[in-house]
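Please read the structure below before turning to the comments.
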Amino acid sequence: MGKLIVILIIGAAGYWYWSGPYQASKNGPSAEQQQADNDRKMKKCLRQEASMTAAAGMGGAMVGGGDSEALCADKLGLYKQDGQWIRGSAEDGY
């Protein structure tokens, strides 16, 4: 009886893993997860650019005042469409 319970538990755990985490890893991130990831990466890049600009200003260097958003978008391969950051480039139509 004990062996049967152990086998059932192992089978249930295997089924849970196969139907949940394994399938999610094979299918890739959902559109919502990809969008959240793009937003997170863009915010991180903008913070880094602001930090570098501030450090350059305090150091007495000439600060170009360029468009940090465009620089980060180009660096990450994103473009803004309907207020959301999309992977690809606007010219590609992705």
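Just wondering, is there one or more residues in segment 38-55 that are in a helix (DSSP H, G or I), under 28 Å from I86 (Cβ atoms) and either touching a residue at least 60 places away in the same chain (Cβ under 8 Å) or among the β-branched types (V, I, T) (or both)? Yes: one or more hits. Scanning segment 1-32 for residues that are loosely packed, with under 10 Cβ neighbours inside 10 Å, more than 18 Å from the chain's Cα centre (by Cα) and not β-branched (V, I, T) yields M1, G2, K3, L4. Considering segment 58-79, and only residues there that are under 15 Å from the mean Cα position of the chain (by Cα) and farther than 11 Å from C45 by Cβ, the residue that is modelled with the lowest pLDDT turns out to be Y79. Taking A70, is it aliphatic (A, V, I, L, M), part of a helix (DSSP H, G or I) and out of contact with any helix residue (DSSP H, G or I) (no Cβ under 9 Å at 6 or more places or on another chain)? Yes; evaluated as a whole, the condition is true for this residue.
Within segment 2-31, residues that are in a helix (DSSP H, G or I) sit with their Cβ atoms under 9 Å from residues that are at pLDDT below 80, at 6+ positions apart or across chains, in these pairs: A24/S30.
The values are calculated or read from the model by the stated rules, or taken from the named source; none is laboratory data. In this text, all values refer to a predicted model and were calculated from it rather than measured experimentally. As a convention, Cβ positions derive from the backbone with ideal geometry for all residues, glycine included, and neighbour counts pool all protein chains shown.
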